[in-house]
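All remarks here apply to the structure that follows.
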Amino acid sequence: MTYSILVVDDDITIRNSVTEYLKAINYEVKSALDATQALKILKSFKANLVLTDIMMKGMDGLELTRRIKDSYDLDVMVMTGYSAEYSYENAVKAGASDFIFKPFRFEELDLRIKRVLREAESKKERSKLLKKLEKIAITDALTGLYNSRHFFAQVKTEVNRHIRYSRALSLLIIDIDFFKNYNDTWGHLEGDKVLMKIGKTVNSCMRSMDTAYRYGGEEFTILLPETRIKKACLVGERIKESICDRIFEPEPGTKVSISVSLGATELVKGEDFTTFISRADKALYKSKDTGRNKLTYLIP
C-alpha cells in the first residue's frame, strides 16, 4: 500500500527537501506553502497524513490541525523549530498525532511517520472489529434480521422519540401458522430454511425507515416509525401476500406454501412500550383465533 502525505511549510527549502525525501522512499507526496492552500488541496487529495509546520503566515499549524481534524479522518504531525513557544501538549490538544522539532534527521522523520501510520491502521482495524462485533450482538444469525434484544432497545428509543416529537409509530407482529407441524413433519433443518426465506421476504417488503426483528422462534416484529395504522396494515398485507406466494420444497417433488398471521397497532399518547407491544400481541392472537392467515389491528 502506498501512503499519501501532504507537506505544509512556508519555508521553501524545508518543504522541498522533505517532499523529495518522502517521494524517494515511495510515499505519494503533495506540498502546500500555507494552511489555506493545504485545505484547498485536501478537498481533492486523499492524504493519509499531513505534516505541517507550526509557524506560518496567516493560519498557523495548530489551527490548521484543528480544521483538518474537524473535517477529515486523517492524522496530522506537526514540526517546529520554536521549542520554547510550543509544546507536545499544545499539539496533542489541537489533535496532532505526533510532534517533531527542527532540525531533524530524515531517518527519524520516517520512523515517526511509520509509527503514526501504523497506529492509524491499527485503530481502523479495531474500529472495524468493534463494529462487526456490535453487529453480531444485535443480529439474529439465522435470518439476518435484528434480534429480540435489539428490538426491545429500539422500541424504547422509538417510544421516547414519539413522546418528544409526537410522531406516529406503528408495530407489526408476525407469526408463522402451524410452524410446529412443519418442523415435526419435515425436520428442523427444513424449518430453518423457512425462517431464513421468510426473514428475506420480510426484509424485501419493508420501507427504508422500517426495521425488522426476529422476535421469537417463529415470530417477527416490524417497527414502523412515522407511520399511522392504516399504512402499517398495508405493509403488513404486502408481507403476508409475499410470504403466501413463496413455495417451499422440503423434499424433492413436494411443494408446500406457508401462511402467516399478523397483529398491528399504533402507539397512543401516554402509553409505555410494554402496553404498546401487548396490544400488538393481542391483535396477533385474534388473527390466529379467528382462522389465521390474516391481519388484525387493534387501537384503543
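The values are calculated or read from the model by the stated rules, or taken from the named source; none is laboratory data. All figures in this text were calculated on a predicted structure; none of them were measured in a lab. All Cβ positions, even for glycine, are placed from backbone atoms using ideal geometry, and neighbour counts span all protein chains on display. Note: areas computed on protein heavy atoms with side chains; ligands, DNA, RNA excluded. Shrake-Rupley method; radii C 1.70, N 1.55, O 1.52, S 1.80 Å.
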message = As an exercise, use a Förster radius of 51 Å and the Cβ-Cβ distance of Glu121 and Ile12 to find the FRET efficiency, rounded to the nearest 0.05.
response = 0.95
ask   = In the structure displayed, which of Lys43/Lys69; Lys30/Lys128; Lys230/Lys286 lie more than 22 Å apart, Cα to Cα?
value = Lys30/Lys128
remark   = Once Lys43 and Ser257 are pulled to full extension, the length gained, defined as 0.36 nm per residue separation minus their Cα-Cα distance, is 71.5 nm
message = Once the convex hull of the alpha carbons of the chain is built, what does its volume come to per residue, in cubic angstrom?
response = 193
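Go ahead and run the numbers for FRET between Lys30 and Lys132, Cβ-Cβ distance against an R0 of 35 Å, rounding to 0.05. Could the numbers behind the result be given before it?
Working: r = 34 Å, r/R0 = 0.96.
With R0 = 35 Å, the Cβ-Cβ based efficiency is 0.55.
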note = Computed over the chain: longest principal axis from alpha-carbon atoms vs helix 12-24 long axis, angle to nearest 10 degrees, is 60
task = Using only Cα atoms, find the angle between the long axis of helix 188-205 and the longest principal axis of the chain, and express it within 0 to 90 degrees, rounded to the nearest 10.
result = 70
query = Where in the stretch 14-39 does the amide nitrogen come within less than 17 Å of the point 7 Å from the Cα of Arg66, taken along Cα to Cβ?
reply = 35-36, 39
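With a Förster radius of 35 Å, plug the Cβ-Cβ distance of Thr290 and Leu189 into 1/(1 + (r/R0)^6) and report the FRET value to the nearest 0.05. Display every interim value, and only then the final one.
Working: r = 32 Å, r/R0 = 0.92.
Rounded to the nearest 0.05, the efficiency is 0.65.
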Acute angle (nearest 10 degrees) that the helix 106-137 long axis makes with the longest principal axis of the chain, alpha-carbon atoms = 10
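Quick one: net charge of Arg292's neighbours, Cβ under 15 Å, K/R +1, D/E -1? Working shown, then result.
Values: positive: Lys180, Lys240, Lys286, Lys288, Lys294; negative: Asp175, Asp177, Glu218, Glu219, Glu237, Glu241, Asp289.
Net charge in that neighbourhood comes out at -2.
Computing the accessible area with a 1.4 Å probe over protein heavy atoms, can you report the carbon and sulfur percentage for the chain? Intermediate values should be presented prior to the final figure.
On the way: 8440 of 16390 Å².
Accessible surface attributable to carbon and sulfur in the chain totals 52 percent.
Please give the contour-minus-distance gain from Asp110 to Ser242: 0.36 nm per residue of separation, less the Cα-Cα distance, rounded to one decimal in nm.
Working: separation 132, 0.36 × 132 = 47.52 nm, distance 6.03 nm.
Length difference between fully extended and current span is 41.5 nm.
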inquiry  = Whole angstrom only: what separates the Cα centroid of the stretch 25-72 from the Cα centroid of the stretch 184-246?
reply    = 50
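Taking a probe of 1.4 Å, how large is the accessible area per residue of the chain, in Å²? If you can, show how the numbers build up before the last one.
Details: 16390 Å² over 300 residues.
So the chain comes to 55 Å² accessible per residue, rounded to a whole number.
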key: Net charge of Cβ neighbours under 9 Å - reference Leu223; Lys, Arg +1; Asp, Glu -1   = -2
ask   = Taking the Cβ of Asn147 as the center, what net charge do the other residues with Cβ under 13 Å away carry, scoring Lys and Arg +1 and Asp and Glu -1?
value = 0
